[in-house]
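J.: Take a look at the following structure, please.
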Amino acid sequence: LWEKRDGSPIVIAGPCWPFCTFVTVPLILGISAACTILILFNDDSNVPQWIAYLYLPILGVVLLALFFVSCRDPGLLERVTDEEAGEGGWIWNEQVGSFRPPGALYCRECQVLIQDYDHLCPWTGTGIGQGNITAFKFFVVGINILCYFTIALVAYVLLDGLATL
């Protein structure tokens, strides 16, 4: 989507970008917005205001990490057909019609070679490799924290509501 002058990608879109755009992001934003509006900024709830100052930055970090995972180069490699690469320890990959260095694998869904390829994540919309694995780990940890935080807020409000009956 956006390239440097030398042609290397800055912002890319993986093969599952519609799933990320139309499922993952709306799920995160929808549930977080409902929690924010109905619990955090509701005058009837007894949730302290400082909780919102924790919840909203966590949401921001999760969305930023998702952007860095889904729109960042996962470690794409150019096709190399030079015979000298084979003599340098690179392995011929018939699917790509190219030599690949050790640690690089072909992603069938992305149809590219990715250095240190881990897996294809439909939730983030792209392959996970050397270039975005750190952001992926931040996203996974952040989304878990956000999920447990949201569940804790809902449980607190429900239990508080039962206690006042």
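The values are calculated or read from the model by the stated rules, or taken from the named source; none is laboratory data. Keep in mind the model is a prediction, meaning the values are calculated, not measured. Backbone-built Cβ (ideal geometry, glycine too); neighbour counts: all protein chains shown. These area figures cover heavy atoms from the full protein model, side chains too; ligands, DNA and RNA do not enter into them. Shrake-Rupley method; radii C 1.70, N 1.55, O 1.52, S 1.80 Å.
J.: Mind counting the residues in region 52-69 that are at pLDDT 95 or above and open to solvent by less than 20 Å² (accessible area, probe 1.4 Å)?
T.: 5
J.: Within the group Thr134, Thr150, which residue is of a type in the set (S, T, N, Q), assigned to a helix (DSSP H, G or I) and surrounded by fewer than 19 Cβ atoms within 10 Å (Cβ to Cβ)?
T.: Only one candidate passes the filter, namely Thr134.
J.: Based on this model, can you work out whether Phe19 counts as aromatic (Phe, Trp, Tyr), touching a residue at least 12 places away in the same chain (Cβ under 8 Å) and either surrounded by 12 or more Cβ atoms within 10 Å (Cβ to Cβ) or out of contact with any strand residue (DSSP E or B) (no Cβ under 8 Å at 6 or more places or on another chain) (or both)?
T.: Here the answer is yes, as Phe19 does meet what is asked.
J.: Can you tell me which residue is least open to solvent (accessible area, probe 1.4 Å) among those in region 108-120 that are of a type in the set (D, E, K, R) and more than 23 Å from Leu27 (Cβ to Cβ)?
T.: Asp116
Conditions (1) over 24 Å from Gly30 (Cα atoms); (2) free of Cβ contacts under 8 Å to residues at least 40 places away in the same chain; (3) within 23 Å of the chain's Cα centre (by Cα), marked per residue:
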site: Arg100; (1), (2), (3): yes, yes, no
site: Tyr106; (1), (2), (3): yes, yes, yes
site: Pro122; (1), (2), (3): no, no, yes
site: Ile143; (1), (2), (3): no, no, yes
site: Leu146; (1), (2), (3): no, no, yes
site: Val157; (1), (2), (3): no, no, no
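J.: Consider Glu84 carefully, then state whether it is open to solvent by 60 Å² or more (accessible area, probe 1.4 Å), at pLDDT below 95 and assigned to a helix (DSSP H, G or I).
T.: yes
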